[in-house]
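Laboratory data are not the source of any read-out in this text; all were calculated from the coordinates shown. Quantities reported herein were computed from a predicted structural model and do not represent experimental measurements. Backbone-built Cβ (ideal geometry, glycine too); neighbour counts: all protein chains shown.
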Amino acid sequence: MSNSHRTASGGRIDRTRSVTFTFNGKSYQGCAGDTLASALLANGVHLVARSFKYHRPRGILSAGSEEPSALIQLERGGHTEPNLRATQIELYEGLSAASQNAWPNVNFDVGAVNGLLSKIFVAGFYYKTFMHPQSLWMKLYEPLIRHAAGLGKAPKEPDPDRYDKMHVHCDVLVVGAGPAGLTAALAAARTGARVILADEQNELGGSLLTSGETVDGLPAASWIAKIEAELAACPEIRVLRRTTAAGYYDHNHLTLTERRTDHLPRGAAPHLSRQRLWNVRAKRVVLATGGHERPLVFADNDRPGIMLAGAVRTYVNRYGVTPGKRAVLLTNNDSAYAAALDMQAAGIAIAAIVDVRTAVNGPLAAKARAAGITVLENRAVVATEGGKRLTSVDVMPLAADGGGVVGMARTSIACDLLAMSGGWNPAVHLYSQSTGKLRYDEAAACFVPHKATQALHCAGTCNGRFALPDCLAEGVAAGTEAAREAGFTADAPLPVPRAEADAEEPLRPLWVVPSTQLVGRGSGKHFVDFQNDVTAADVLLASREGYQSVEHLKRYTTMGMGTDQGKTSNVNALAILAQSLSAPIPQVGTTTFRPPYTPVVFGALAGRDVGELADPARVTPMHRWHVENGAVFEDVGQWKRPWYFPRAGESMHDAVNRECRAVRNGVGVLDASTLGKIDIQGPDAAILLNRMYTNAWSKLDVGRCRYGVMCKEEGMVIDDGVTTRLGPNHFLMTTTTSNAAKVLDWLEEYLQTEWPDLRVHLTSVTEHWSTASIAGPKARDVVAALAPDLDLSADAFPFMAMKEAVVAGVPARIFRISFTGELSYEINVPAYHGLRLWTEIMKAGAPHGVTPYGTETMHVLRAEKGYIIVGQETDGTVTPQDLGMDWIVSKQKADFVGKRSFTRQDTSRADRKQLVGLLTQDPTMVLPEGAQITAQAGGTVPIPMLGYVTSSYWSETMGRSIALALIAGGSRMIGQTVHAPLADKNVACAVVKPVFYDPEGVRLHG
Amino acid sequence: MLLIHCPWCGPRDEIEFAYGGEAHRVRPADPSALSDAEWADFLFLRANPKGVHRERWVHAHGCRRWFNVERHTVTHEILRVYPPGAAAEPDAAVAEAQPPQASQQGVRS
Amino acid sequence: MANAVDLPRVGAVARFASAFAVPPDRAGGALTLVEMIPPGQINLRCDGHDPRAARAVGGVLQGLLPVNANTVQSAADVTVLWLGPDEWLILTAPGQEGAVMAQLREALTGLHAAVTDVTGNRALLRLSGPSARETLQKGCTLDLHPRGFRPGQCAQTVLARAGIILHQRDDAPTYDILPRRSFAEYVWLWLSDAMAEYNGRAISG
Ligand SMILES: [Zn+2]
């Protein structure tokens, strides 16, 4: 395989394994081990993207996850993914990638006209341009910008991949597997501690993969392999490659995203999750996250072919790629000299090293000079030339203070590659997410960890220590200490591996490289944030306009708000801001670092909580029968409840009317298994009920049932249900379906925190019992067939009584209670016999025409009777008195939860919203639930609202519509007419008492 | 995501718990003896300190026991867990807005 | 009248295959998921540190009453799981719960205790095989590493989006998973999906 820009040998790629891929529709060859970026550079492709705002041609800046420019749309269809960094995409056979942000293509981009209009794209552009008028924003500007800018395209099809999560605990989590991370992990793992080592790259080694330095007398690759083998021999080590630590949260909880199959052709491993989100709870964390090189800010510093010096060194050493034939280096520190030497060795002609420092005489500079490299001191690159690729740079001498240039003469140097280094930033992102405090290091001109707030250690470059011997030593120390703090020590401590490093001369900060023109004048652009196209002129303008807090600056200019979160730009931006304010950098400070460190796909966050597993569907023991008999289901909380049971050709309306008629005239059966049930035992059980319900319980006979309402201390209704006395010290409470768990927790809170002296035990039996409610004039006949030994006469088994009996061969509890107003029996059997009970009811009831009915019919029937539903007639602001249920509030009891609040000024107002019934003048008109109620029809806006409709149905029984409503002072408005103003008409309604059917309750007692 | 030591079950993830608001608020023995203002204070007013806060939690998905947690509302550090009924720390004046030192673990109790 | 105890008890995931397995020749070894016939389940509330209660319960349960948090004690036909400082779940052979409850109530007469039949409350799913731990770790925040959770331990916790009681039976490892019955289908589907990575196949039955 031949690549125009591949070295003859070297690198960690496999030259024997050629990989074919396409970029922007054109086919290329790379090697196994390449990234998309290294493979493109090997083919001489630098122009890979267009910038966000100005659509300027952009190349590859970096070699890692900090990449701001080379953003790629990978693959097509359901697999497509935007905003991926070419520097992180591992090459695989058949890979298909495209530039994003370019239309119609990256070489001819219509949007580049934006570059010519750049005067209007200044800082605060969005705020200034699109404030007024608002309608134009939605219609014109917003779609225009979406089309012109936009960062890639989201897939339109469902994601075909699977994702999952893992929850693990460890003693020591080491983030980063460079020299510091490797030694930290080994030092910790040798103690027997549970260690996780995570690194975002496909192989361990970090900066050693670039520098190739010698450790313990071994070449870097051999030393890495040796440490890997030693790690593998440790008892409790887990090494996660291709795994990015994305977030650092409270109590040492970190999330890691592992890319399990992204390096394989799509669909190659369908049984594996594509990505896995690891939730790690670590006793100790070692952050060995390394650092990021800073670009230098000079005019037109964004042309394809301008790269970070350390990145060029990575491409040369790790990937065997020469990103240019003839290079200039621009630096303010010594690290670029090491890059220059390696570049030269790989066959790149070094035109010059341009160093902004006044004099450079360290050992690295000496090596460069000895290699014949020209070092131009006290000079800077002030301009660059080239359209889609760099062709030359202009160099000028600097004034003594670095604030300007000397003279007007420029020296032009032809080159196709400019490697720059503005110094290094420790990657403190995770550290800062952990809420650790930072300190500004003047000498290294960067922020370094200062005071940790969580149980963590920083090691190596992340800690502001850049030299290899320091990284190795800090790694050993951090790993050893972290393990010791977690309770583990090694028999033999890990010796610090030996390494050497050249002494480095001090860096010279030069935050904006001067030129013959002021920044912002002329055509040159000094880019700070390459991804969001924020320039030094934008930062200075924002500062002049008063955006002098770094957080304001960020939002006004959008600096650091791209998908790279400003990894290469933040420090440059805040330093320029500080300079313009004549304030020290620490005073300006940094913006807040937030998760995720790099973007995380939604699929990984969702894991397997998608489709039918998105939320549990709770089902009753009878569910199978409902499904097989065509029930339409309603979601009630997480429960699937039969809504209605349509027969062939029936609409919902038809089915519900038929079900209603069956219950009122014959017999129906409802699956009521979902009601909450709490078993209450203990000598003080009745006392607890007295305190929690508004009514009295002490005198309830064994075997009898009573309806109760619960309020909160504020006096507002929170639940209701029937409670039965099973024995002198034994009750069974039922709750509404959706409040079952809440009520139990609430009772327990009072028992455990307020009244621990009460001897009461509460046990949830919600799911132990399954319940079928048989209702209607013929209910007795059906129950008699199922339980022939039971005396069902009204005297022996009256309304609000409970009996135990064998029903359909199963021991059961039968409650004669009703939510329909009809004669009704609720039969409870253990859940494992629930399906049998139901099928036996259908069998025994067949001669009587037993009709299964769903929640809709239940709602209609109870509304006809004016029975409330908590959560429908109540919303947490409704008292029992508001519901017309004064009768259930005990006047005798000295205290119960809620009682004191009934005499509060607000709860005793006469004009509170109160429950009433509404009958529309047009009996066929069914009001929409939630409709507002007014006193007059029409009038001047705003019309005072008296209240609203809580329930509204067609009542088949009454042959007309009915509604319940909460209306201010409603209890005194019976007989009056009110109005429901709807969108298309006004509906006049009569206010009536909230009971429409059998107000005397004759049928209940039948 | 906090790591909370249930006094009975040990350290568990926050998802197993439910929050119950400020601790050590005792329901008045005779609410009828309270003025409307005093009753409103009991119903609605809660401390919201920047600093150490004592609060109720219940191990909802575990042993269903309620207990008290002393938590720093800035750092989320949990300083102490203790059963209901146990007195708040005698030196309650310690509850200043002083962020504590990095804890050796999420919880010491 | 039919004898209720003899009626077959219907499991909670009967709508689906009753077992799900990874063949033993696959990487990671066999991994099986089955629903057990619902065992007798009794919820016991009493003061375990009251010697009278401990004696009374011990007499009925062959001395079993774990007072250490998160532990399980088992005999041939009874398993007692610690649920809280004064709460236990007693598992019996299917159909035996009635007799055990009667004995417990008798023995605990006069003490503040509650014995409640909760046989229908939960389903019992059994997950076993070398990948069982990793399967659970996909949805459970507990530390299931052998240093953190061993045979004979139990916990009330959360698996995915459902509350469960988890009991490790052996080092296979084998776990008993007891979700609330209404959540059993969800837990079953969730586990089947989490096992798919190991090439699990549903076994009809
Ligand atoms: Zn607990």
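Counting only DSSP beta bridges with both residues in chain A, the antiparallel share comes to about 75 percent.
For chain A, what does the helix formula give at 222 nm: sum of -39500 (n - 2.57) over DSSP H segments with n ≥ 4, over the residue count, nearest 500 deg cm²/dmol? Value at 222 nm, helices only, nearest 500: -6000 deg cm²/dmol. Scalar couplings 3J(HN,Hα) for the stretch A:506-522, obtained by applying the Karplus form with A = 6.51, B = -1.76, C = 1.60 to θ = phi - 60°, are x, 7, 10, x, 9, 6, 10, 6, x, 8, 6, 10, 5, 4, x, 8, x Hz; x denotes Gly and Pro.
The alpha-carbon of A:K803 sits under 22 angstrom from the alpha-carbons of these lysines, leaving out residues fewer than 8 places away in its chain: A:K677, A:K699, A:K778. Which residues does the label zone of B:L34 cover in the stretch A:746-788, counting backbone N under 15 Å from a point 7 Å along Cα→Cβ? Output list for this probe position: A:754-755.
Rounded to the nearest Hz, the phi-derived 3J(HN,Hα) couplings of the stretch A:937-943 under the Karplus curve 6.51 cos²θ - 1.76 cosθ + 1.60 (θ = phi - 60°) are 7, x, x, 7, 6, x, 8, where x marks glycine and proline. Spin-label pair A:D906-A:A269: with each label point 7 Å from Cα along the Cα-Cβ axis, the two points sit 5.8 nm from one another.
Angle check, please: helix A:855-865 long axis (alpha carbons) against the longest principal axis of chain A (alpha carbons), in degrees 0 to 90, nearest 10. The helix A:855-865 is inclined about 50 degrees to chain A. With the convex hull constructed from alpha-carbon coordinates only, the stretch A:726-876 shows a mean projected area of 10.6 nm² over all directions. Applying 1/(1 + (r/R0)^6) with R0 = 30 Å to the Cβ-Cβ distance of A:A648 and A:A784 gives a FRET efficiency near 0.45. Axis of helix A:652-665 versus longest Cα principal axis of chain A: the two differ by about 30°, to the nearest ten degrees.
For the stretch A:604-684, the square roots of the Cα gyration tensor eigenvalues, ordered a ≥ b ≥ c, give a/c of at least 1.5 with a/b no greater than b/c, which places it in the oblate category.
Rounded, prolate or oblate for the stretch A:517-581? Axes are the square roots of the Cα gyration tensor eigenvalues, ordered a ≥ b ≥ c, and the cut-off for rounded is a/c under 1.5. Here the stretch A:517-581 falls in the oblate category. For A:E258, neighbours were defined as the other residues whose beta-carbon sits under 14 Å from its Cβ, and their charges (Lys and Arg +1, Asp and Glu -1) total +2. With Cα atoms as the point set, chain A shows a radius of gyration and Dmax of 37.8, 115 Å. Among B:51-57, A:414-420, sorting by the average number of other beta carbon atoms lying within 10 angstrom of each residue, highest first, gives A:414-420, B:51-57.
A simple spin-label model places pseudo-atoms 7 Å from Cα toward Cβ; at A:A359 and A:R960 they are separated by 10.6 nm. Working ranking of peptides A:390-400, A:45-55 by packing, defined as the average number of other Cβ atoms within 10 Å per residue, highest first, is A:45-55, A:390-400. Partner shielding of C:112-125 amounts to 6, given as the average count of beta-carbon atoms from other chains within 10 Å of each residue beta-carbon. Packing here is the average count of other Cβ atoms within 10 Å per residue, and on that basis the peptides A:447-460, A:317-330, highest first, run A:317-330, A:447-460.
If you take each beta carbon of peptide A:886-895 and count the beta carbons of other chains within 10 angstrom, what is the mean?
Whole-number average of other-chain Cβ neighbours for A:886-895 is 1.
Neighbour counts of other Cβ atoms within 10 Å put A:T558, A:T22, A:T257 in the fewest-to-most order A:T22, A:T558, A:T257.
Subtracting the Cα-Cα distance from 0.36 nm times the residue separation, let me have the gained length for A:M408 to A:H730 in nm, one decimal.
Numbers: separation 322, 0.36 × 322 = 115.92 nm, distance 9.87 nm.
Extending this stretch completely gives an extra 106.0 nm.
Amide H to amide H, with H built 1.01 Å from N, A:V870 comes under 5 Å of no residue 5 or more places away or on another chain.
The C-alpha atoms of chain A define a longest principal axis, and helix A:468-485 lies at about 30 degrees to it. Is the shape of the stretch A:568-720 best called rounded, prolate or oblate, per the rule: a/c under 1.5 gives rounded, else a/b larger than b/c gives prolate, else oblate, with a ≥ b ≥ c the square roots of the Cα gyration tensor eigenvalues? Cα axes put the stretch A:568-720 in the oblate bin. Here the calculated FRET efficiency for A:M945 and A:Q976, from their Cβ-Cβ distance with R0 = 22 Å, stands at 0.85, rounded to the nearest 0.05. Take every pair of alpha-carbon atoms less than 8 Å apart whose residues are at least six positions apart; their mean separation over the length of the stretch A:808-847 yields a relative contact order of 34 percent. Distant-in-sequence amide contacts of A:V987, defined by a placed amide H-H separation under 5 Å and a gap of 5 or more residues or a different chain, comprise A:A980, A:L982.
Using a Förster distance of 41 angstrom, determine the FRET efficiency expected from the C-beta separation of A:R555 and A:K156, and round it to 0.05. In this case the efficiency is close to 0.85. Note: relative contact order over chain A, using C-alpha pairs below 8 Å and six or more positions apart, is 9 percent. Peptide A:226-236 has a mean shielding of 0, counted as Cβ atoms of other protein chains within 10 Å of each residue's Cβ. Of all complete DSSP H helices in chain C, not one has a Cα span along the helix axis of 24 Å or greater and a mean Kyte-Doolittle hydropathy of 0.5 or more. Taking 7 Å steps out from each Cα toward its Cβ at C:R15 and A:A221 produces label points 5.8 nm apart.
Across the stretch A:766-779, rounded Karplus estimates of 3J(HN,Hα) from the backbone phi angles (6.51 cos²θ - 1.76 cosθ + 1.60, θ = phi - 60°) give 3, 8, 5, 9, 10, 10, 10, 9, 9, 9, x, x, 9, 4 Hz, Gly and Pro being marked x.
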